[in-house]
1. Please say if segment 34-90 is rounded, prolate or oblate, where rounded means a/c under 1.5 for a ≥ b ≥ c the square roots of the C-alpha gyration tensor eigenvalues, and otherwise the choice is prolate for a/b larger than b/c and oblate otherwise?
2. Each residue of segment 108-123 in order: what ³J(HN,Hα) in whole Hz does its phi give by Karplus 6.51 cos²θ - 1.76 cosθ + 1.60, θ = phi - 60°, with x for Gly and Pro?
3. Enumerate lysine pairs in segment 1-107 that are 8 or more residues apart or on different chains, then count those whose Cα atoms are under 16 Å apart.
4. Give the lysines whose C-alpha is closer than 27 Å to that of Lys492, dropping any in the same chain fewer than 8 places away, or say none.
5. Using a Förster distance of 41 angstrom, determine the FRET efficiency expected from the C-beta separation of Arg226 and Ala71, and round it to 0.05.
6. Could you pull out every one of the aspartates and glutamates with an alpha carbon less than 18 Å from that of Lys517, ignoring same-chain neighbours closer than 8 positions?
7. Sorting check: for 455-462, 48-55, which peptide has the highest mean count of neighbouring beta carbons within 10 Å, and how do the rest follow?
8. Once the dipole of segment 198-241 is set up with Lys and Arg at +1 and Asp and Glu at -1 on Cβ about the Cα centre, which of Val241, Leu221, Val201 lies farthest towards its positive end?
Amino acid sequence: MSVPSNEELLAMLPRLDVEPADALESQWLDFKPWQDAKADLKVACEYAACFANAEGGVIVFGVSDKTVGRAQAIHGVKGVDLDLVRRNIYEGTRPALSVEAVLLPVPEGTGQLLVVRVARGDAGPYGTSAGLFKQREGKNCMPLDPRGFARSKVSTGQVDWSGAPANGVTLADLDPVQLARARNVLRSKDPASGLLDLGDVDFLAGLEAVRDGQVTHTGLLLFARRDVLAARCPQAQFHYVLLRDETTVARNDIDRLPLLEVVERMEQVFQGPLNPEEEVALGLFKLRIPQFPLEAVREGILNALTHRDYTDPGEVLVRHSVDELVITSPGGFIGGISPENILRHEPRARNRTLANAFVKLRLVESSGIGRRRIYRSALTFGKRRPVYSASADAVTLRIFNRGANPRLARLVSELGERGAPVSLDHLLVLDALQDADHIDTAQAAAALQLPRDEARAVLEAMAAPARGLLERRGHTQTATYHLSKGTATALKGKVAYTRTRGLNPVRYAEMVREYLKDHREIRNAELRQLLGLGSSASASVEASRLLTKWSGPDGFLMKQGPDNRPCYTLRNRDVV
């Protein structure tokens, strides 16, 4: 189940003849009558906040939810100004909510329903301007209890849990071993850091592990003794599973450890025999390609530990197999970050104080570079593109070993040696072309998480003589790009360029003539299939251009049928 579309809403309405609208309501849908615009807009604010605090949803106005009989239940809405609806909800909610409001035509009543569509919020908890806070639970909007309200503020990053005092924890509960570990980490990263010159108490204060003499949750997570951490923060559990095969567990470690120790242990695992390397010849040298790049593993685990929701009882889980590494942490993305924009979105920290401590220890960057490092370190070694997925409750990162292409790793290394380093954007495009013959601007924009104009600029730079990674086909905004001869040969073998580039355009007309000797007519889709142009919008435009050219005064085709779906036949003089 999910938030219903307008088409799905219309498909539900016939059921009103046998059951009330109340029976159709769900976690994502509520029906409301429309009687008094001023009062009903207050209801819209309340339910918009309610849905935004959960998984999003739709409020449909103009339907009595207790009446059986479609004609009787649907009375519709009238005199509705959609801009006014959107503005009232925006002004009547805190934080302000932007919603979608449309009128849905129906044959009953006034002839239209008001549909208010609300996305899941990323800056909640949301309430009305009058101070009413509710959350969707099943078919009802239930008041947020004080604990739920506080947890919601923490889980969305509005309140920094990591900077709050860890009640009952004192300096005596901190472990000198962990404090020494932090100093060693910082010394290895930045031996000139002024923090290293401070005494222990000032060092802790500099990391905000201690504020005003009180140990913060950051101090608890980084420096507490294990028994204290287990007693005061049992949710700080780390779980590492090593799979020998699909059904056999070779190692199953469940611990509550200070976070720097977690990172150190994982580095030891992935620097050892559990993460073997493959050697690839590179001239006189050998390129060593690990199953899982240590930099990607380190950044993925640090992100999971830093940004997880510590009010959630769940654990950080690392599942390790030969094929892939899966890192899951409690708590969804915050601040508008999603799998579709994670490479470009500005960083948002759920646990700001903890994130700052990692920055001061030089373990992470504050600019979101770590996410890009995960992608780059994997793609540089010819691995598949890492994949993020997210729900309201968890974020999962998958780093792949299967499907690796050592040839790409060799190409990247060779270009770097020649002073032409391959950027992350270039790597993302090359990855998209691993299993495809060509890429257009729309496909590149999705792979790069960039607007189309910026994606086109990346493609053009890759096709420029100075880089020569791609070749362009077409000279308009619908152009496609394929691997250049040298790149295709290096990545896919000797025959790849010929196959990727496709048929020589000078033979296109010959192919069409041969086709029409056996078939009476040809259409755009058939031409694309015949010439191997693909099914993209740009391929359709290219096919139309060719058909128009060949059906001109000097062409060999004759256009038949309506303009919106024409077919083409051989002219009489060309029929054999």
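1. Taking the square roots of the gyration eigenvalues as a ≥ b ≥ c, segment 34-90 is oblate.
2. Running phi through 6.51 cos²θ - 1.76 cosθ + 1.60 with θ = phi - 60° gives 8, x, 6, x, 7, 10, 9, 10, 10, 10, 10, 7, 4, x, 10, 9 Hz.
3. Eligible lysine pairs with Cα atoms under 16 Å apart amount to 4.
4. Lys286, Lys383
5. 0.05
6. Glu526, Asp574
7. On the way: 455-462: 19.9, 48-55: 26.1.
With the highest mean Cβ count within 10 Å placed first, the list reads 48-55, 455-462.
8. Val241
Only the coordinates and a few stated rules stand behind these numbers; no lab work does. Predicted model, so just to flag it, every value in this text is computed and none were measured. Glycine also receives a Cβ, built like all others from the backbone with ideal geometry; neighbour counts cover every protein chain displayed.
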